[in-house]
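The block underneath contains the structure these notes are about, expressed in structure tokens.
The values are calculated or read from the model by the stated rules, or taken from the named source; none is laboratory data. Values in this document were obtained by computation on a predicted structure and should not be read as measured data. In this analysis, Cβ positions are derived from the backbone assuming ideal geometry, glycine residues included, and neighbour counts consider all displayed protein chains.
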């Protein structure tokens, strides 16, 4: 009996700690169950194998036709789910979820999500994730849906608040708190803006839009248990951390980073911390904040601008303790644009960041002195960066679009990308899969085996195998 109890306790501890963050009742413990690894959005998938067992260079191939693909999620039963119909050509978009066989990648079912009623509803990339309760959840338009992962049946959905009207409010993803409650947040498009998706911000701007709605949801009952309002429009996705026994949610506004504290079944403004001004001059707003141990990190320029990108680390215990750096100020690029976020490895005290025209960098961090450059690479990406493997053999994976021309709005014009694996410690290139379709601003989801599910807006889903240890250069 004692042995059985010890095993039960051990399993509980495994569930409690994953990638250095509390999980408990939040995400399914499978690698790739959530787009950025955890609700702190570190981008760290420590349990993914960074190298292939067989010999050979990385290889990538198209495996499924999924128009408008945003991201992939994987559960503990090795079931693969794709969320699509939300990026690329959205003139006839219908958001849907597909389940794929993990070996053949044959589509096992496809569920078109029940759409919000209304003409010209704004379609924006929401989010998909496998909850610790075993169900699949999807945020899209102004709805949250709960799906049965076995057959794709929509078990229930709820309509979310629309502060900017039904057709111009959307929910860009969600997080799961330590006890399993889901928190999501609205984003807004200007009225009469002709553009769909992310391009609505580039073409029409974000000034003058109403404050974002915040919603807490019980995922088992699919009931809204709390609604609130952010200080302003929150452009980037929200982030949750657990720090010194408390749970916080960080929100990136147009100029300021805000923090809210979990207080039972609600979030309350943390008036003892911040807000922190994280951008200046012609820098544009950031995307999501990233949990980084005792700190939280945010970077600027989620919209194109001529000002160099800034990255800032702020102490979670004292908002006055902060450090900033412009890692690509010497690139002399005409534009600066980074629609993704940083990725973090607190155990190594290191941040990985990129800029579409500036390059790729690993930044070491000293809590007393701030940032220093560990290494840089001439790799140009707008994708999210994925960290894989245990600390001793950690690998960072991101795309490389090469040097691209900018359009009139500063967005890069390119037709293909490469997928690049680098040794995280020193930036050595380990291998690359070449000539893949455009992935700019999209996710890279690893499986336990280390293979990357590579999303594209118009060319469906691609599957890339990692390099082997023998291919290290």
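Taking the range 338-349 only, how many residues are surrounded by fewer than 24 Cβ atoms within 10 Å (Cβ to Cβ) and at negative phi? Final tally of qualifying residues: 4. Residue count for the range 104-140, restricted to those that are surrounded by 15 or more Cβ atoms within 10 Å (Cβ to Cβ) and in a loop (DSSP other than H, G, I, E, B): 12.
Where residues in the range 325-335 are free of Cβ contacts under 8 Å to residues at least 60 places away in the same chain and surrounded by fewer than 17 Cβ atoms within 10 Å (Cβ to Cβ), which of them is nearest to residue 244 (Cα to Cα)? Before you say what the answer is, go through the steps one by one.
Step one: list which residues in the range 325-335 are free of Cβ contacts under 8 Å to residues at least 60 places away in the same chain, which gives 325-333.
Narrowing the set further to residues that are surrounded by fewer than 17 Cβ atoms within 10 Å (Cβ to Cβ) leaves 329-330, 332.
Numbers: 329: 35, 330: 38, 332: 42 Å.
Among those residues, the one meeting the criterion is 329.
Of the residues screened, residue 57 is not one that is more than 20 Å from the chain's Cα centre (by Cα), surrounded by fewer than 21 Cβ atoms within 10 Å (Cβ to Cβ), under 26 Å from residue 174 (Cβ atoms) and in contact (Cβ under 8 Å) with a residue 24 or more places away in the chain. Taking the listed residues 47, 101, 78, the one that is over 23 Å from residue 126 (Cα atoms), in contact (Cβ under 8 Å) with a residue 24 or more places away in the chain and surrounded by fewer than 22 Cβ atoms within 10 Å (Cβ to Cβ) is 47, with no other qualifying.
Report whether or not residue 208 is closer than 20 Å to residue 122 by Cβ, surrounded by fewer than 22 Cβ atoms within 10 Å (Cβ to Cβ) and over 23 Å from the mean Cα position of the chain (by Cα). Before the answer, list the steps.
On the way: closer than 20 Å to residue 122 by Cβ: yes; surrounded by fewer than 22 Cβ atoms within 10 Å (Cβ to Cβ): yes; over 23 Å from the mean Cα position of the chain (by Cα): yes.
Spelling it out, residue 208 is indeed closer than 20 Å to residue 122 by Cβ, surrounded by fewer than 22 Cβ atoms within 10 Å (Cβ to Cβ) and over 23 Å from the mean Cα position of the chain (by Cα).
Which of the strands (runs of 3 or more DSSP E) found entirely inside the range 350-413 contain at least 3 residues meeting this: surrounded by fewer than 23 Cβ atoms within 10 Å (Cβ to Cβ) and touching a residue at least 40 places away in the same chain (Cβ under 8 Å)? Steps first, answer last, please.
Working: elements: 350-355, 359-366, 370-377, 386-388, 395-400.
Fully inside the range 350-413 and qualifying: 370-377.
Can residue 172 be described as at pLDDT below 95 and part of a strand (DSSP E or B)? Taking the combined requirement at face value, the residue satisfies it. The residues listed here are 37, 85; of these, the one that is in contact (Cβ under 8 Å) with a residue 12 or more places away in the chain, in contact with a strand residue (DSSP E or B) (Cβ under 9 Å, 6 or more places away or on another chain) and farther than 24 Å from residue 241 by Cβ is 85. Residues of the range 266-275 that are surrounded by fewer than 21 Cβ atoms within 10 Å (Cβ to Cβ) and part of a strand (DSSP E or B): 268, 269.
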